[in-house]
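Below is one structure; the comments refer to it alone.
The values are calculated or read from the model by the stated rules, or taken from the named source; none is laboratory data. All figures in this text were calculated on a predicted structure; none of them were measured in a lab. Neighbour counts are summed over all protein chains in view; Cβ atoms, including those assigned to glycine, are modelled from backbone coordinates with ideal geometry.
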Ligand code: GDP
């Protein structure tokens with residue numbers, strides 16, 4: 001195929017992979033103005049669609065922000081902070097100021113202390129080497145916090161461009177679509193935008209005559225469950241509603257299975273509560289540690305599901321890491337799946353997750 005460029009964003013047109021940049025259905029190539037599917041939808045439905053790109057392309061593209069002068073808005077998923085915070089962001093965006101926006105606030109229990117959460121996010125960002133100007137909590141689906149955020153963005157951007165950066169699945173498209181619908185009278189939101197040194201373009205949504213909101217493609221995070229499960233299972237593990245914490249009083253020698261995707265063994269310590277934050281639809285089973293291996297062996301994909309059959313075919317083998325919990329209020333995080341909070345210190349636990357999905361511990365988020 002000869003090299004065809006999308007008139008909207010400048011990416012090279014391809015007709016094979018709908019999830020990658022530049023995809024256009026073969027039939028659309030006969031039209032006079034050729035647009036990739038993403039630009040087509042943006043132009044005709046005012047709707048943005050996310051595409052994913054490789055790590056290298058992502059770095060190249062986002063690094064070009066370093067040479068620009070604007071405000072960077074880093075959108076993260078507060079249900080999966082560890083998986084969605086881009087640790088190298090400061091390095092790749094240079095001196096441009098960064099605002100951190102935690103999306104999907106509607107998923108956390110209503111009782112969540114938002115001030116504390118903002119403080120927590122700020123320190124997580126700091127630990128990841130990202131200096132943030134401000135932190136906001138929003139729900140793109142419900143609309144919480146959007147008005148406040150847009151007012152503050154207007155103030156912070158000082159008439160400059162705004163770059164929206166985030167990993168896939170954080171809700172970037174939902175967020176931008178909301179902004180587009182909110183700004184009235186926007187018909188042609190695409191303007192051509194080529195960045196020197198890359199073959200890919202960003203999409204620009206004009207904010208005023210001289211500046212724009214710029215959407216950058218999302219990078220795929222391979223360290224989270226989403227990367228390893230079928231579409232059907234992804235629906236089950238992705239929470240859609242406020243999470244109802246499920247509390248288990250455990251003695252040492254007991255095990256919790258999160259479907260058949262994760263497992264936590266309580267090896268040693270005083271009886272205490274294990275507070276589980278997972279999608280309400282994800283079944284949790286409690287069993288004796290001594291029976292856990294056999295149960296997993298015989299029942300993964302059956303009683304212990306998800307995984308469904310399709311996921312089972314590709315899911316990596318489980319690996320185990322052991323932690324001695326040394327501080328009060330600690331979360332054991334299964335990235336993209338959820339977390340379990342231990343309120344007391346002193347327990348020794350063993351967390352099992354598929355190889356490639358690393359469990360981590362953190363100071364409690366809620
Ligand atoms: P993108 O890949 O970053 O563009 O993410 P999308 O906008 O496609 O959203 C990914 C998933 O997260 C979809 O299932 C959305 O419905 C969901 N989502 C986006 N924003 C929110 C939110 O504020 N709350 C909840 N509960 N889900 C959200």
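Looking at residue 79, is it within 14 Å of the ligand (Cβ to nearest atom), part of a helix (DSSP H, G or I) and within 18 Å of the chain's Cα centre (by Cα)? So residue 79 passes the test.
Picking from residues in the range 155-169 that are within 11 Å of the ligand (Cβ to nearest atom) and in a strand (DSSP E or B), the one that is surrounded by the most Cβ atoms within 10 Å (Cβ to Cβ) is 165. Within the range 236-262, being farther than 30 Å from residue 142 by Cα and part of a strand (DSSP E or B) holds for 248, 249, 250, 254, 255, 256, 257.
Filtered by the rule that a residue be on the phi > 0 side of the Ramachandran plot and crowded, with 22+ Cβ neighbours inside 10 Å, the range 321-337 gives a lone residue, 336.
Conditions tested, residue by residue: (1) closer than 21 Å to residue 204 by Cα; (2) at pLDDT below 90; (3) touching a strand residue (DSSP E or B) at 6+ places or on another chain (Cβ under 7 Å); (4) not assigned by TED's automatic domain parsing to the domain that holds residue 62.
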| site | (1), (2), (3), (4) |
| --- | --- |
| 101 | yes, no, yes, no |
| 160 | yes, no, yes, no |
| 172 | yes, yes, yes, no |
| 176 | yes, yes, yes, no |
| 179 | yes, yes, yes, no |
| 188 | yes, yes, no, no |
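Just one residue in the set 95, 148, 106 is more than 13 Å from the ligand (Cβ to nearest atom) and part of a helix (DSSP H, G or I); that residue is 148. All told, residue 83 meets the bar of being over 18 Å from residue 134 (Cα atoms), assigned by TED's automatic domain parsing to the domain that holds residue 159 and crowded, with 22+ Cβ neighbours inside 10 Å.
Checking 265, 233 one by one, the residue that is in contact with a helix residue (DSSP H, G or I) (Cβ under 7 Å, 6 or more places away or on another chain), in contact (Cβ under 8 Å) with a residue 40 or more places away in the chain and part of a helix (DSSP H, G or I) is 233 and no other.
A Cβ distance below 9 Å, combined with a sequence gap of six or more or placement on separate chains, defines the contacts here; from the range 1-29, residues that are farther than 18 Å from residue 43 by Cα reach residues that are part of a helix (DSSP H, G or I) in the pairs 1/29; 4/29; 15/26; 15/28; 15/29. Filtered by the rule that a residue be within 11 Å of residue 336 (Cβ to Cβ) and either over 14 Å from the mean Cα position of the chain (by Cα) or within 11 Å of the ligand (Cβ to nearest atom) (or both), the range 222-238 gives 226, 228, 229, 234, 238.
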